[in-house]
Amino acid sequence: GMAFGGDDDSGPTIVANTEIWNGVSWTEVNNLNTARRALAGSGLQTAALAFGGANPSSTNKSETEVWNGTNWTEVNDLNQTRSAVGAAGASNTSSLAFGGDTGEAFSPEKFTGTESWNGSNWTEVNDLNTARSGLGGAGIITSALAFGGQSPASPPQTGKTEVWNGTNWTEDGDMNTARGSMASMGSSNLEALGAGGYTSGPVTAVTELWTGSNTPVG
């Protein structure tokens, strides 16, 4: 696994630090070129992609960086600046970015846009059905899942789940617990995990498993 960017609780300070997990401990490696928070990531420990996010003044970013196992290299930006974006992808040459906050400073605007990364450029493709940020993402560029997040509704937390088939998003069964800013993972639109996050009440520790049906498992 890898961790990069984010808020350091000593300030808070936006950081560019990158750390790699070897199954036992974390090791610091070379930093991102652009420090930011609420960014998205996809890929592998030896071939990762970092994109979007926000700087210390909460201005959204479009920067994209490729990780080759040793260093981060800046490449072509997202078409839409945004933070708290959903992500899916198997490597640094094949990824999806979906949803997010597009407003500047403290006036966030929820977004439906989806972009596809081919290793060189981002291309706009078909939108999500529900605008939201802080959503979970899983899968690959041809088989992805988007779930949860904060929508423009009140309360903002949603459990909506959408399945990506490589061309379009289709709404499917909702999460049992509506929430945003959760940990998410999964290898396709047939299997995924969502854990923790912010609900309309307290922070939750609930974990849910998606099995490719319209009924998430709590």
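The values are calculated or read from the model by the stated rules, or taken from the named source; none is laboratory data. Bear in mind that the values here come from a model prediction, so they are computed numbers and not experimental data. Don't worry about glycine lacking a Cβ; one is built from the backbone with ideal geometry, like all the others, and counts go over all protein chains shown. When the accessible area is computed, the model is the full protein with side chains, heavy atoms only, and any ligands, DNA or RNA have been set aside. Shrake-Rupley method; radii C 1.70, N 1.55, O 1.52, S 1.80 Å.
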Percentage of interatomic Cα-Cα distances in region 79-175 larger than 20 Å: 29 percent
Cβ-based net charge around ALA3, under 13 Å, with every Lys or Arg adding one and every Asp or Glu removing one: -3
Heavy atoms of VAL206 accessible to a 1.4 Å probe, total area in Å² rounded to 10: 60 Å²
Computed log₁₀ I(q)/I(0) - Debye formula, equal Cα scatterers, no solvent, region 164-218, q 0.15 Å⁻¹: -0.43
HN-Hα J in Hz across region 144-155 - Karplus 6.51, -1.76, 1.60, θ = phi - 60°, x for Gly and Pro: 10, 9, 10, 8, x, x, 10, 9, x, 6, 10, x
Surrounding net charge for ASN30, when Lys and Arg each add one and Asp and Glu each subtract one, Cβ distance under 12 Å: -3
For region 166-180 and region 49-123, distance of Cα centres in Å: 21 Å
Solvent-accessible area, 1.4 Å probe, carbon plus sulfur percent, for the chain: 48 percent
Among (i) 20.8; (ii) 14.0; (iii) 11.1, the entry that matches mean projected area of the Cα convex hull in nm² as calculated here: (iii)
Considering only region 98-176, percent of DSSP beta bridges that pair antiparallel, nearest 5: 100 percent
For the chain: accessible area per residue (Å², 1.4 Å): 44 Å²
Residues with amide H under 5 Å from that of GLY166, placed H, sequence gap 5 or more: ALA144
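So what is the relative contact order for region 1-116, in percent, with contacts set as C-alpha pairs under 8 Å and at least six apart?
19 percent
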Segments 51-58, 132-139, 20-27 sorted - mean Cβ within 10 Å per residue, highest first: 132-139, 51-58, 20-27
Rh (Kirkwood; distinct C-alpha pairs) - region 130-185, Å: 11.1 Å
Neighbourhood net charge (9 Å Cβ-Cβ; Lys/Arg +1, Asp/Glu -1) for LEU145: -3
